[in-house]
Amino acid sequence: MNLQRHLLAFARTLGDSLRDLAPIFIVIGFFQLVVLRQPIPELEQILFGSLLVVLGLTLFIQGLELGLFPIGESMAHAFARKGSVTWLLLFAFALGFGTTIAEPALIAVANEAAEVAAEGGAIGADTAARASYAQGLRIAVALSVGFAIVLGVLRIIRGWPVHYLIIGGYAGVVVMTAFAPKEIVGIAYDSGGVTTSTITVPLVTALGVGLAMSIKGRNPMIDGFGLIAFASLTPMIFVMGYGMLLDA
Amino acid sequence: MPEAAGMLDVLIQTLRDVLPIAAVLFGFQVLVLRRPIPNLRRVLLGFVYVLVGLSLFLQGLEQALFPLGKLMAEQLTQPQFLFDGAGAHPGVIGWTDYVWVYVFAACIGFSTAIAEPALIAVAIKANQVSAGAIGVWGLRVAVALGVATGITLGAFRIVTGLPLHYFIIAGYVVVIVQTTMAPRLIVPLAYDSGGVSTSTVTVPLVAALGLGLAGNVPGRSPLLDGFGMIAFACLFPIITVMGYAQLSHWRARRRRDDENE
């Protein structure tokens with residue numbers, strides 16, 4: 001009975017995954033066959049890969065509902081019951097910092113940024129200087145995401161409206177753009193988008209919504225969302241700050 | 001079997017990605033909260049699903065979609081493709097010569113955003129929290145339209161070489177104005193949707209498009225001009241999600257007014 005329900009849910013998610021991925025297959029197929037007018041190379045391998053993508057997405061979505069959402073919410077409730085703001089904020093920081101420092105997309109961007117900086121003459125061209133620059137950048141971004149989640153959780157506890165903080169953050173970005181070294185601006189803007197990984201997002205969302213639900217007077221829709229927004233805003237500010245620090 | 005080895009690599013990489021998160025979660029659960037996790041077996045099973053699912057997903061993308069998508073981005077930006085029909089190279093390339101690049105940018109932006117697992121997660125949650133008022137599909141299509149606009153504008157910016165921060169600052173102004181007018185419930189979700197739209201599927205393909213463009217358009221350097229696409233893809237979903245909410249709010253009000261008459 002239980003297994004049957006499980007399989008039924010799996011089949012339904014499988015159908016959803018197929019539908020979710022259809023546009024990307026259509027776009028790539030259309031451009032390859034109609035615009036570039038070339039045959040699709042290694043068709044078998046591509047079909048096999050597509051099968052993996054569909055299966056993988058299905059499993060991921062199932063796991064989300066089974067594992068990531070429940071644990072994020074149950075921890076939020078437990079922290080709210082415990083009533084210790086300090087521990088909650090420490091947890092928020094650890095979650096933000098810990099999930100970002102190992103993020104593969106961030107590592108790739110940091111290495112690219114080091115290359116840009118070496119090209120522009122901001123740092124030495126040798127490997128050691130570049131490695132330490134990339135390392136510093138990664139720490140700057142991870143710190144900024146930790147800070148962002150802490151700020152976001154504090155906001156949920158206190159009930160501050162999200163838009164004041166975001167608009168204030170935008171103002172910070174604009175002001176810093178005027179002063180930051182030119183070659184870091186593009187990287188800084190992009191670093192906001194790459195920090196929030198596929199596993200972090202559901203967890204952080206569940207944490208925010210769970211907190212907003214367990215604190216009296218908070219609306220999960222108004223107060224529960226917004227954590228990701230902070231996590232994609234603060235890296236811009238921190239990375240530009242890092243560039244200015246090195247430049248000075 | 002090279003595929004099995006590749007699969008194992010991806011699994012290890014995903015494991016390394018998940019490990020710090022699991023350590024933080026279980027560490028705090030055991031040391032600070034000091035209470036057993038409810039439905040521990042279900043949660044662990046969920047983690048295994050996420051791990052295996054993400055590994056399969058990434059491996060499949062690596063095998064099927066990324067090589068082709070990246071190759072396409074390179075081919076579409078090459079002068080040989082752009083002036084294939086016209087025969088002679090006109091010497092000066094105008095921004096209108098890149099029509100197929102814009103079409104590709106819009107299509108790939110839209111379709112990768114629809115496939116993005118993090119966005120699906122947030123849409124499911126928003127649907128639950130709003131008790132169905134925010135449709136999973138409505139939100140995802142709104143975000144995908146935003147990403148498509150962002151990537152297309154990003155491609156246009158690289159071709160024309162206009163400064164990145166003009167666009168970003170103008171986008172912020174639109175967001176701020178919309179914030180004052182949009183229904184209050186949607187604002188935090190709209191802000192969030194910017195960050196979630198660029199993840200595992202979108203970033204590699206879009207980065208390839210940006211680098212291909214910056215490398216092939218005369219006068220652009222891939223190092224200095226290749227960036228900025230992701231920033232655009234993060235900003236525009238905020239605008240389209242608030243726009244979507246404003247539109248449905250306005251339509252609901254008009255319908256109500258009609259009924260009252």
**Request:** Check A:ALA105, A:ALA92, A:ALA114, A:ALA125 and return the single one that is surrounded by fewer than 17 Cβ atoms within 10 Å (Cβ to Cβ), of a type outside the set (Val, Ile, Thr) and either in the same structural domain as A:ALA231 (by the TED database) or not in a helix (DSSP H, G or I) (or both).
**Result:** A:ALA125
**Request:** Spot the failing condition for A:ILE222; the list is (1) within 11 Å of chain B (Cβ to nearest Cβ); (2) assigned to a helix (DSSP H, G or I); (3) open to solvent by less than 30 Å² (accessible area, probe 1.4 Å), and only one is missed.
**Result:** (3)
**Fill in**
Going through (1) more than 7 Å from chain B (Cβ to nearest Cβ); (2) more than 24 Å from the chain's Cα centre (by Cα) one by one, A:VAL54 fails only at (2)
**Fill in**
Matching residues in region B:149-177 (in a helix (DSSP H, G or I) and free of Cβ contacts under 8 Å to residues at least 40 places away in the same chain) number 7
**Request:** Give me a count of the residues in region B:108-139 that are among the charged types (D, E, K, R) and surrounded by fewer than 24 Cβ atoms within 10 Å (Cβ to Cβ).
**Result:** 0
**Asked** Which number in (1) open to solvent by 60 Å² or more (accessible area, probe 1.4 Å); (2) touching a Gly at 6+ places or on another chain (Cβ under 6 Å); (3) outside any helix (DSSP H, G or I) marks the one condition that B:LEU211 misses?
**Response** (3)
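Can you name the residue in region B:14-38 that is more than 22 Å from A:VAL85 (Cα to Cα) and more than 7 Å from chain A (Cβ to nearest Cβ) and, of all such residues, is least open to solvent (accessible area, probe 1.4 Å)? Break it down into steps so the answer makes sense when it comes.
Within region B:14-38, the first condition is being more than 22 Å from A:VAL85 (Cα to Cα), and the residues that meet it are B:14-20, B:38.
Cutting the leftovers down to more than 7 Å from chain A (Cβ to nearest Cβ) gives us B:14-15, B:19.
Numbers: B:THR14: 5, B:LEU15: 77, B:LEU19: 104 Å².
Going through the qualifying residues, I end up with B:THR14.
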**Asked** Yes or no: A:ILE61 out of contact with any His (no Cβ under 7 Å at 6 or more places or on another chain) and outside any helix (DSSP H, G or I)?
**Response** no
**Qualifying residue in region A:186-197 (condition: more than 9 Å from chain B (Cβ to nearest Cβ), within 22 Å of the chain's Cα centre (by Cα) and polar (S, T, N, Q))** = no
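Looking at this structure, is B:ARG220 more than 10 Å from chain A (Cβ to nearest Cβ) and not in a helix (DSSP H, G or I)? Outline the logic, then answer.
Details: more than 10 Å from chain A (Cβ to nearest Cβ): yes; not in a helix (DSSP H, G or I): yes.
For B:ARG220, the condition - more than 10 Å from chain A (Cβ to nearest Cβ) and not in a helix (DSSP H, G or I) - is met.
A quick yes/no check of all residues on (1) under 17 Å from B:MET229 (Cα atoms); (2) open to solvent by less than 20 Å² (accessible area, probe 1.4 Å):
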position	(1), (2)
A:ILE167	no, no
A:ILE184	yes, yes
A:ALA188	yes, yes
A:THR195	yes, yes
A:VAL201	no, yes
A:LEU207	no, yes
**Request:** Could you please find all residues in region B:39-59 being facing chain A (nearest Cβ under 7 Å) and farther than 20 Å from B:ALA121 by Cα?
**Result:** B:ASN39, B:GLN59
**Prompt:** Just checking, which of B:GLY46, B:GLY6 is under 25 Å from the mean Cα position of the chain (by Cα) and part of a helix (DSSP H, G or I)?
**Reply:** B:GLY46
**Request:** All but one of (1) open to solvent by 50 Å² or more (accessible area, probe 1.4 Å); (2) modelled with pLDDT of 90 or more hold for A:ARG81, so report the exception by its number.
**Result:** (2)
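Residue under question is A:PRO39, and the condition is that it be over 21 Å from B:PRO38 (Cβ atoms), open to solvent by 60 Å² or more (accessible area, probe 1.4 Å), modelled with pLDDT under 85 and of a type outside the set (D, E, K, R); does it hold? Working first, answer last.
Numbers: over 21 Å from B:PRO38 (Cβ atoms): yes; open to solvent by 60 Å² or more (accessible area, probe 1.4 Å): yes; modelled with pLDDT under 85: yes; of a type outside the set (D, E, K, R): yes.
Considered against the rule, which asks whether it is over 21 Å from B:PRO38 (Cβ atoms), open to solvent by 60 Å² or more (accessible area, probe 1.4 Å), modelled with pLDDT under 85 and of a type outside the set (D, E, K, R), A:PRO39 comes out as yes.
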**Request:** Inspect region A:133-148 for any residue being free of Cβ contacts under 8 Å to residues at least 40 places away in the same chain, among the small types (Gly, Ala, Ser) and either away from every other protein chain (no Cβ under 12 Å) or open to solvent by less than 60 Å² (accessible area, probe 1.4 Å) (or both) and give the result as yes or no.
**Result:** yes
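Out of everything in region B:75-104 that is open to solvent by 70 Å² or more (accessible area, probe 1.4 Å) and modelled with pLDDT of 80 or more, what residue ends up being nearest to A:ILE40 (Cα to Cα)? It would help to see each step written out before you state the result.
First, the residues of region B:75-104 that are open to solvent by 70 Å² or more (accessible area, probe 1.4 Å): B:80, B:84-86, B:88-90, B:92, B:95-96, B:99-100.
Imposing the further condition that a residue be modelled with pLDDT of 80 or more reduces the set to B:99-100.
Working: B:VAL99: 23, B:TRP100: 19 Å.
If we take residues in region B:75-104 being open to solvent by 70 Å² or more (accessible area, probe 1.4 Å) and modelled with pLDDT of 80 or more, then B:TRP100 is nearest to A:ILE40 (Cα to Cα).
Considering only residues that are basic (Lys, Arg) and free of Cβ contacts under 8 Å to residues at least 24 places away in the same chain, which ones fall in region B:93-148? Steps first, please.
Residues of region B:93-148 basic (Lys, Arg): B:125, B:140.
Of everything in region B:93-148, just one residue is basic (Lys, Arg) and free of Cβ contacts under 8 Å to residues at least 24 places away in the same chain, namely B:LYS125.
The values are calculated or read from the model by the stated rules, or taken from the named source; none is laboratory data. Bear in mind the structure is a predicted one, so any value in this text is a computation, not a measurement. We place every Cβ from the backbone using ideal geometry, glycine too, and count neighbours over all the protein chains shown. Note: accessible area is taken over every heavy atom of the protein model, side chains too, but ligands, DNA and RNA are not part of it. Shrake-Rupley method; radii C 1.70, N 1.55, O 1.52, S 1.80 Å.
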